[in-house]
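The structure appears below as C-alpha cells.
Every number here is computed from the coordinates shown, using simple stated rules; none is lab data. Only a predicted model underlies this, so the values are computations on that prediction, with no experimental measurement involved. Note that each Cβ is placed from the backbone with ideal geometry, even for glycine, and that neighbours are counted across all protein chains shown.
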Amino acid sequence: MSKAIKILGTGCAKCQSMTKVVKEVVDENNIEATIDKIEDLMEIMEYNVMSTPALVIDDVITIKGRIPTKDEVLTLLK
Amino acid sequence: MFDWIQHMANWIVYDLLNMTQGLHLSEALNFFIYDTVKILILLLVVIFIMGIVNSYFPIDKVKNYLSNHKLYGLEYLMASLFGVVTPFCSCSSVPLFIGFVRGGIPLGVTFAFLITSPLVNEVAIGLFIGLFGIKTTIIYVISGILLGTISGIILQKLNLETYLTPWVKNVLKNAQKEQDIFIAEKQTLQQRLPIIWKEVLNILKGIVPYVLVGIAIGGLMHGYIPEGFFETYMNKNNWFAVPIATILAVPMYSNASGILPVVQVLVAKGIPLGTAIAFMMGVVGLSLPEAMLLKKVMTLKLIAIFFGVVTLCIIASGYLFNVLL
C-alpha cells in the first residue's frame, strides 16, 4: 500500500535536509509513497508540532525537530 | 587546563614553521591556532552535554509542564530556564509560539521562553567559555535568564493580546489546559547517544566556518591593534556607548558565532565588558529574520513592543555590568 509521507517545515535548512533524506530512502528502496512538503503554517499547526521539521507518515507524527538518519526513515516506512 | 594547546600552537608556529617569536604575523597565527583548537573542543563538549539534557526534556514536555502547573509567579523563571536547555532555531519560533498559546500558557511566560532560548544557547555558552572564561560565562548565563524573566513579566503587564494576528486570537480563545497525549520516546541513553552525536556534528558544521573567520579576524586584530586602543573612545564614562552597541547589534544574526571572537579581542583592547555583553546579547538574542517570521503571529506593533522591551533590558544590563565588573 502506498504510504502518505508529509514533511512539515517552514522552509529552513533543516527541513530541506529532512526532505532530501526521505526522498533518497524512498527512491533507493523503491518504496511506494507520496511525499508532500507542507510549508503552510496553519496546516503545520493542525498537527500540533512545536519543533520543525516533522515527519508525518500516514498521519502519524514520527519524528520532530531533528534530521533523521536514512536507516531510521527506512525502519519507519516498513 | 588548556596549556597543552598553547604548547602545541607554540610548537607549530615557532618550531615547525620556524617563525620568529614576537612578530605581528607569528603572534596572530599563534593566537589563531590556540583559539581555534580550544573553542572547537569547548563547543563540542557544551553542545553535546546540552544535547543530552534536551533529549530528556523535549519541548512538548516543557509545554505540558508550564501548562499544567500552578507556579505562583515562578512560571516566568521556569520558562526562562527551560529556554536555556532548549536549542533554538528561529524557524521553530512560530510553531513554538502557537503551541504555547494553545496550551493556555500566558503570553508573558511564552515571551520569557522566546527571549532566553536564543540568548543563552549551547553555541553561545561554548564560545563564551572559550573566549571569556568561566566567570564571565556564568554572569552572562544568569543575566540572560533574568533578562528573559523580567522582560516576560513586563510584557505580560502590558496586556498585549489585542495585538496578536486574528487567527492567533482564535487559537487563544480555544486554548485549553488539558494534557496533550504525549508519548515520550522510551530510549536508553545508548540509543540516544548516536542521534545526539549526529545533531552535534550538524550544528558544528553550520557554525564552524563563521567561527574560523571570526577567530582569524580576531587573530589579526590581536596582533596589530595596540593594547588599550579603544579605551580612549569607548570607556565606561561614555554613557551612550552601551545603547549604540546594542542597537547596532540587533540586526546582526547569522554571523553571531563569527562576531563573538572579534568582540573578545575588542574587550582585550579596552572596550568595557558591559558594553561588549550588551552588544553580544543584541546579536544573539534579537534578530531581523526572527522578527520577519513572527509577523505571521504578531502585528508589527507587537513585534516592535517585544523588541523594544528586550532592547531596553539589554541596555540596562549593559550599564549594570559596566558598574559591577
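Below is a table of values for the structure above.
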| quantity | calculated |
| --- | --- |
| For A:8-15, mean number of other protein chain Cβ atoms within 10 Å | 4 |
| For region B:291-298, 3J(HN,Hα) per residue [Karplus equation, 6.51 cos²θ - 1.76 cosθ + 1.60, θ = phi - 60°, Hz, x = Gly/Pro] | 4, 4, 5, 5, 4, 5, 10, 10 |
| Rel. contact order, % - alpha carbon contacts under 8 angstrom, at least six apart, region A:3-69 | 45 |
| Bridge type composition, region A:3-69 - antiparallel percent by DSSP, nearest 5 | 55 |
| For A:Lys37, residues with placed amide H under 5 Å, excluding near neighbours | A:Ile7 |
| Shielding of B:198-204 by partner chains, average beta-carbon count, 10 Å | 2 |
| Average beta-carbon neighbours from other chains, 10 Å sphere, peptide B:94-102 | 5 |
| 5 Å binning of all Cα-Cα separations within region A:3-69, expressed as whole percents from 0 upward | 4, 19, 33, 27, 13, 4, 1 |
| Chain B, relative contact order [Cα under 8 Å, separation at least 6], % | 21 |
| Rel. contact order, % - alpha carbon contacts under 8 angstrom, at least six apart, region B:198-325 | 31 |
| Counted charge near B:Leu172, where neighbours are those whose Cβ lies closer than 10 Å (Asp, Glu -1; Lys, Arg +1) | +2 |
| When the convex hull of its Cα atoms is projected in every direction, mean area for region B:22-173 (nm²) | 11.1 |
| Gain on full stretching of the segment that runs from B:Leu324 to B:Ala175 - 0.36 nm per residue minus C-alpha separation | 49.3 nm |
| Cα-based helix-to-principal-axis angle, B:75-85 vs chain B, degrees rounded to 10 | 50 |
| Relative packing of B:300-308, A:48-56, which averages over residues the other C-beta atoms within 10 Å, highest first | A:48-56, B:300-308 |
| Hz values of 3J(HN,Hα) by residue in region B:214-226 - Karplus curve (6.51, -1.76, 1.60), Gly and Pro given as x | x, 5, 4, 4, x, x, 4, 4, 4, x, 10, 8, x |
| Stokes-Einstein D in µm²/s, Kirkwood radius over Cα pairs - region B:205-325 at 4 °C with 1.567 mPa s viscosity | 85 |
| Cβ-Cβ FRET estimate between B:Asn159 and B:Leu300, R0 fixed at 25 Å, reported to 0.05 | 0.90 |
| Pairs of Cα atoms farther than 29 Å apart, the protein assembly as shown, % | 48 |
| Distant alpha-carbon pairs in chain B (separation over 39 angstrom), percent | 18 |
| Helix axis angle, B:93-102 relative to chain B longest principal axis, alpha carbon, degrees | 30 |
| Length gained when the stretch B:Leu248-B:Val53 is fully extended (0.36 nm per residue, less Cα-Cα span) | 66.9 nm |
